[in-house]
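Structure first, then comments.
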Amino acid sequence: MDEQTMKQELTELETRLAELRTQYQQLESDVQALRARKRQLIHALEGQLDLFRDHVHHSEQLLEEVRHG
């Protein structure tokens, strides 16, 4: 392999490395966005679960009042 070929191959590898770094950075950004969305969804589900529990508790209280009323 002559010097010119090695230089060309090195340039190609550097270009590919830069492309892969850009792709990696985009993937990291996507992962961060997905993690943030996951936290939002979990928070929303926890809120819905709290509302459901409150509703069940209220229903149980009403049933007790009817049974003892």
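Table for the structure above
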| quantity | calculated |
| --- | --- |
| Hits in the stretch 27-69 - residues which are open to solvent by less than 100 Å² (accessible area, probe 1.4 Å), under 20 Å from the mean Cα position of the chain (by Cα) and among the hydrophobic types (A, V, I, L, M, F, W, C) | 27, 31, 33, 36, 41, 42, 44 |
| Flag if residue 8 is over 37 Å from the mean Cα position of the chain (by Cα), open to solvent by 100 Å² or more (accessible area, probe 1.4 Å) and at pLDDT 95 or above | yes |
| Condition check for residue 16: open to solvent by 80 Å² or more (accessible area, probe 1.4 Å) and within 22 Å of the chain's Cα centre (by Cα) | no |
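The values are calculated or read from the model by the stated rules, or taken from the named source; none is laboratory data. Fair warning: this is a prediction, and the values are worked out from it, not measured in the lab. Each accessible area value is taken on the protein alone, full model and side chains, heavy atoms only, with ligands, DNA and RNA left out. Shrake-Rupley method; radii C 1.70, N 1.55, O 1.52, S 1.80 Å.
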